[in-house]
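Down below is the structure, laid out as structure tokens.
The values are calculated or read from the model by the stated rules, or taken from the named source; none is laboratory data. Note that this is a predicted model, so its numbers are computed, not measured. In this analysis, Cβ positions are derived from the backbone assuming ideal geometry, glycine residues included, and neighbour counts consider all displayed protein chains. Heads up: the accessible areas ignore ligands, DNA and RNA and are worked out on the full protein's heavy atoms, side chains in. Shrake-Rupley method; radii C 1.70, N 1.55, O 1.52, S 1.80 Å.
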Amino acid sequence: MIWSTAAKVAVSALDEKYDLKGKIAIILMGLILFPVLVVMCFFGGDSDAAEEPYQKAFKELGCGDEYAYQLDDIRLLEAYILEAKETDEEPKYEDIKERMENDYFHISSSSNVCLLYSDEELVDMLIKKYHVSKSYKQEIMDALKQIRNGRENFSYPIKGTILSRYSEEQPGIVMHRETQKEKITASASGKVVSVSSSNDSYKYGDDISVKEGLTIKIEHQIRRSVDKESGEYDDTTMYSIYTNVKNIKVAAGDEVMQGDELGVMAEDTIYFQLMEKKKYVDPSKYIYDPGTELGDYANVLNPEVLRYSEYIQKYMKKMGMKDEFLNVVLCVMQIESGGKGTDPMQSSESPENTRYPNKPNGITDPFYSIQCGVRYLKKCMDEAGVTNKDDIKKLQLAAQGYNFGNGYISWAKLRGGYSYENALEFSRMQADSHGWTSYGDPMYGLKFYNIYTSTSSADAGNLKFIYPTKDHMMISAGYGPYDPFGTGSTMHWGIDFPAPTGTPYTACEAGIVTYAGYNEAGGLMVMIQHNATYTTLYDHSSRLKVKVGQHVKKGEVIGYVGTTGNVTGPHVHLELRKTVDGVTQRIDILPYLNKP
């Protein structure tokens, strides 16, 4: 068996008392010169090959084959851990699996996506947790890049909140940061292909320092996986695209490294896209995004709450909490503070707070507030007997206990568990015993229930849509086959309301703006999400009045009629989109419209 023979040779070489660089050289040589052996290990071979511990652990964690190329990285990291431990013993399968799950990979709980942490996070973890010498940091990072033919793991261009995620209608993500001075950095190393605006492209030497709202496109040569037939690594070209950048620091033709500054945000949002083989791809397939685990909760939680998702998830893992309870913590934070202030979990008066004054808003470190809040909420959930995310009544009991403290959970369990009636009784009893006029929030459990379950689908008939143009309700083109340019009939997915350029139009129903920008066909357009199921879209504006993430009221002006995009005259094009189980359909909105 070739692979097992090669492995024995490598182990024998390591036993010869080589220094660290010699050992790493042997490992790199084996990884680079024998990709065919990797193929045999991953995709074929005898029963011994199938028991290779790295591959076995990888599969047991539910990781898809398309991410198996990352095992090369892990083998390298393991070599440094063995060196730090000063042992020649092969790592045990159980240890490999534990490190894959807790130290190396972001593992999606809802799919087979397994993505490595960034190179810097991985190396810092080796140094802090496994006591690898700091002097090896750059050496390890260089070795990782050598294994991958220069590729890093992609990273997000800003440390911000993702307000709107990838879809077929919006092939990219919208990221938000409150400060416009936030630096935008290269998602991976590569070559700047272009710097452009909607109308112009700029070449090297052009003065673009004062221009705003520019788009940067970077080309990346990456190594994805091993080709099953040839045994060669599959190298491909990808592009990252950054829109809404100013104070540009690069020019077309420049080589950039991951993390290099490209410019700063021109507004408080940027649009980020990835392309592979001339097609847009979902960035969450290449970059870990904890928000993808939130499901519909991203529609009802404040951006200020969502920005803490990754930190909360990491701390939950440290405390032994299941990933499925992330939404529980986020809903509690939504009730407590909406994610705002220095004490977002309102943990100052919690018994877990031993560092700051035990008075309202005494904590001035939001991350310490989260630590205290997660610990206390876990205790409440354990006492309430919560076992899964669908234990609604027990989750309400835990949430009400988080608010009340003082033995409410044990008291309520003797009375049949949580109910609003016993929460009210407990509140009054505590208020009387302390001589206060009130105690806690007896509606806390109900508030938690409403937020936690508010993403259930609603029927469009329950949404009272109004016409977008109060004084211009004539429809020039309806839903169905349409041939505006005389080039053959096509499907017209909405209805058109003609009106003079500059006429204000309004939101048909309350909701949150998930897109506000330019589209080649639709021109300047707005998308508003009304609940987990229904979204309206407004095309061909002359200008917009709203931004992504903004909550709008029914009847609020969101833009002005224009002729941008593919049009025959000034009008607003209105669509209704329905999403169920991840499938989006464009349906006729006319039956649901009510005149203002």
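Values as computed for the structure displayed
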| item | result |
| --- | --- |
| Asp441 being open to solvent by 10 Å² or more (accessible area, probe 1.4 Å) and either modelled with pLDDT of 90 or more or more than 29 Å from Thr342 (Cβ to Cβ) (or both) | no |
| Enumeration of residues in the range 332-347 that are surrounded by 20 or more Cβ atoms within 10 Å (Cβ to Cβ) and not hydrophobic (A, V, I, L, M, F, W, C) | Gln334, Glu336, Ser337, Gly339, Asp343, Pro344, Gln346, Ser347 |
| Filter result for Gly320 (open to solvent by 40 Å² or more (accessible area, probe 1.4 Å) and modelled with pLDDT of 85 or more) | yes |
| Filter result for Lys394 (within 26 Å of Val305 (Cβ to Cβ), assigned to a loop (DSSP other than H, G, I, E, B) and not aliphatic (A, V, I, L, M)) | no |
| Qualifying residue in the range 306-314 (condition: crowded, with 18+ Cβ neighbours inside 10 Å, at pLDDT below 80 and not hydroxyl-bearing (Ser, Thr, Tyr)) | yes |
| Whichever residue in the range 456-469 is part of a loop (DSSP other than H, G, I, E, B), modelled with pLDDT under 85 and closer than 17 Å to Thr536 by Cα and, among such residues, is most open to solvent (accessible area, probe 1.4 Å) | Lys464 |
| Restricting the range 85-138 to residues that are β-branched (Val, Ile, Thr), in a loop (DSSP other than H, G, I, E, B) and over 19 Å from the mean Cα position of the chain (by Cα), the residue that is modelled with the highest pLDDT | Val132 |
| Single match in Val513, Val526 (criterion: free of Cβ contacts under 8 Å to residues at least 40 places away in the same chain and either under 15 Å from Leu574 (Cβ atoms) or under 33 Å from the mean Cα position of the chain (by Cα) (or both)) | Val526 |
| Those residues of the range 244-287 which are among the polar types (S, T, N, Q), under 23 Å from Val546 (Cβ atoms) and either touching a residue at least 40 places away in the same chain (Cβ under 8 Å) or not assigned by the TED database to the domain that holds Gln221 (or both), in sequence order | Thr269, Gln273 |
| Qualifying residue in the range 317-332 (condition: more than 20 Å from the chain's Cα centre (by Cα), outside any helix (DSSP H, G or I), on the phi > 0 side of the Ramachandran plot and not charged (D, E, K, R)) | yes |
| Every residue from the range 396-414 that is more than 21 Å from Ser369 (Cβ to Cβ), surrounded by 14 or more Cβ atoms within 10 Å (Cβ to Cβ) and of a type outside the set (Gly, Ala, Ser) | Gln396, Leu397, Tyr408, Ile409, Trp411, Lys413 |
| When residues of the range 550-573 are limited to those that are of a type in the set (A, V, I, L, M, F, W, C) and within 29 Å of the chain's Cα centre (by Cα), the one nearest to Val526 (Cα to Cα) | Ile558 |
| Contacts under 9 angstrom Cβ, first residue in the range 53-65 being in the same structural domain as Cys114 (by the TED database) and of a type in the set (Asp, Glu), partner assigned to a helix (DSSP H, G or I) and open to solvent by 70 Å² or more (accessible area, probe 1.4 Å), 6 or more apart | Asp65/Phe43; Asp65/Lys59 |
